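First up is the structure itself, then whatever we jot down about it.
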Amino acid sequence: MKYFLTNLLILFPLLLSAQATQPTIKINGKVINQKTLEPIPYAHIVINNTSVGTITNEFGDFKLALPNKYANGTLKISSIGFESAFIRLSSTKNLNELTIKLKKSTKFLESVVITPVDEARQLVKQAIERITDNYPLEPRSSEGFFRSVVKLNNNPYYITEASLSINKKSYATKHARGDVSVNKGRFIRNDSLINKFQTLLMAGPHIPHRFDFVMNRAGPLGNTKKFEFSILDTVSFENDRLVKVHFSAIKKNIEGNLFISLKNKAFVKGEYFYKIPDFEGDMLKNLNSRKRTYLNYKANYKIGNNGWELFLVNYNTSFAYNGDTLTVKDTYVTTRILDEYRKISYDSNLQFSDFFLHNTGKYDSAFWNNYNIVLPSKETEMLFAKYNLEATLTGNANQEKAVNKMLRLLEIMSKFKFTMGVFAQPATIDNVLINYTNGTSIITETVPSTTFFYYGLSFTYEYYFSPSFFIGLDTKGTLTGNTYSSISFKTGYNKEFTAFGRPATANFSVNVGNYRYGYVVGRYNVANELEINNKKFDSGEVQMSFESRRWAVEPTVRLSLEMNHRLSLFAEGGWNMPFSTTDGLYFKERGQPFWKTKQTFVGIPHQEISISDGINELTEIPLQTNLMLNIGVLIHFKY
């Protein structure tokens, strides 16, 4: 019980620094409006002239843990619309009960010159043009904190939180994705709701990339012509004045506010409100059959040594399904900008399609106890108490039983792989003379020696008993020209290794199945009706092809390189070795809809068919093909 109560106080931690292992200065306080005494949520709390800090929670409370080297530092407390406050740590007696009152700034609407020109639009355009002056042009690494609260009908579904490493690209060009890795994470889950609403969300920790509206050039930053603008007012912020510009889309249901610095024309804050289904770029307007009902987000930036950096993102959305409501509230805070760029390896990179709930890692109580935290709300404390934080984080076996059904489904999905590729198979046919007689119709043709390729699409479905052993089904077929088709069962061995810093596999398999190789001899206008194998070909035109039908064994080797947790690129080679062959002529009616087209196969030897090399009669078609080459994509599922 003592351990449980201790953990209730560490719900919302932030990583302070990689070097700090045992903080010695702990600060607790509340930031309020000097006049109204109301709490100020999400106020910036930093050590002045550094990037080390945190934010207040939604009730204005904060808790800061610092290494001793900051004992003589100065706290800087700021929030848009308020004058900044400064507190010298060494001269403050009681750091455990600070009450910091911020004075509301004076509005300066009269200082904004309004002209007949659309001033608001011009201001936004100027800020867009100044992006490369105001924001970092070199890739940057930072550390931050992420928290996600998912509720079903206002009851907690799960809560996740983590210390993250973030790599941002240059602001010179538009980007919507970037690298994210989890340093430490943990979660709490309401197992009683799993059977009612079996849903896991992806991409949560990617909100510092998805909703960095300056990096994404989102909404009006992408095309100002599609939006209307108006100036609402101005507010002060850290020795600067911000113009609040309202925007609304002309044709879409998107609106929001941009806070632009008058000093350097930088975007300092953005508020975006989307009326579904107008959330641009969203791959999940509907979550399965769950309809999204609203979406909004806010992003704040703060000035640093290399320009304005993303500091805070708040993201809120909701889905409706059969009378139920699922709400998602995500928060990201940048806690430290690193001096040098640190590459995130592929293995460490939490990908956009990953389920974060299954990537939090093992709970580390020592880590969370020794680093910055943003105080939880009383509501969250009650939630953690209700659903037993300690048991969930330590993986209590009884609680795990409640979610095994869902996890088993994900595990089964992860055992399947699907490939889609384009294959090429070289073939040769020797000089051959063919004569076909059917009543009064006689077809005579000489086929010269030639080399050609079969081209087409391949599809493979595989099930893995283990990471090494699998069975599957392989199909191939051409779309036009000389026809080839195959269906085979396969089994084999899969060897995993690393190449270019990414997971790779060498797949050794044996395919056993039926393979059909065709070569079009020609098309013929037949004056009289042909009857072949009791089928009447009466359309007037018939296509005749050589066809070799084989049962064969085909050993294959496939090399694949993972591009992300859903997709790999592969190259494959195989060698076809027939053990049973039936050759003959394949007739197909032309000029008819496909559902009326008649077709049939006549094996050789046959009394109506004469095939020779010009000297000797042949009982097999001289068609040789063995090598198969295949390239494409491999689709798999990881969770």
How would T619, T460 line up by accessible area, probe 1.4 Å, largest first?
T619, T460
With only alpha-carbon atoms counted, please give the Rg and Dmax of the stretch 459-504, in Å.
14.8, 41
Cross-link reach from K30 to aspartates and glutamates, straight Cα distance under 12 Å and at least 8 residues apart if same chain, gives E38, E58, D61, E97
The FRET efficiency for R523 and S170, from their Cβ-Cβ distance with R0 = 45 Å and rounded to 0.05, is 0.15
Pairs over 28 Å Cα to Cα, from K101/K168; K225/K329; K35/K63, come to K101/K168; K225/K329
Pseudo-spin-label distance N155 to T293, built 7 Å along Cα→Cβ, given in nm, is 1.7 nm
The long-range amide H neighbours of N438, using H built 1.01 Å from N in the peptide plane and a cut-off of under 5 Å, are I443
Whole-Hz ³J(HN,Hα) for each residue in the stretch 484-490, computed from phi via Karplus 6.51 cos²θ - 1.76 cosθ + 1.60 with θ = phi - 60°, x for glycine and proline: what do you get?
8, 8, 8, 9, 8, 8, 9
proj_area_mean for the stretch 25-183 (convex hull on C-alpha atoms), units nm², value 14.3 nm²
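Show me 343-350, 209-216, 238-245, 150-157 ranked by packing, highest mean number of other Cβ atoms within 10 Å first.
The packing order, highest mean first, is 209-216, 238-245, 150-157, 343-350.
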For the pair L457/K93, report the inter-label distance in nm, with labels modelled 7 Å from Cα in the Cβ direction.
7.9 nm
What is the distance, in nm, between label points placed 7 Å from the Cα along the Cα-to-Cβ direction at D240 and at I442?
9.4 nm
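To the nearest 20 debye, what is the magnitude of the charge dipole of the stretch 424-560 about its Cα centre, counting +1 on the Cβ of each Lys and Arg and -1 on the Cβ of each Asp and Glu?
Taking the Cα centre of the stretch 424-560 as origin, the dipole is about 460 debye.
The values are calculated or read from the model by the stated rules, or taken from the named source; none is laboratory data. What you see is a predicted model; the values in this text were computed from it and never measured. All Cβ positions, even for glycine, are placed from backbone atoms using ideal geometry, and neighbour counts span all protein chains on display. Side chains included, ligands, DNA and RNA excluded: accessible areas come from the protein's heavy atoms. Shrake-Rupley method; radii C 1.70, N 1.55, O 1.52, S 1.80 Å.
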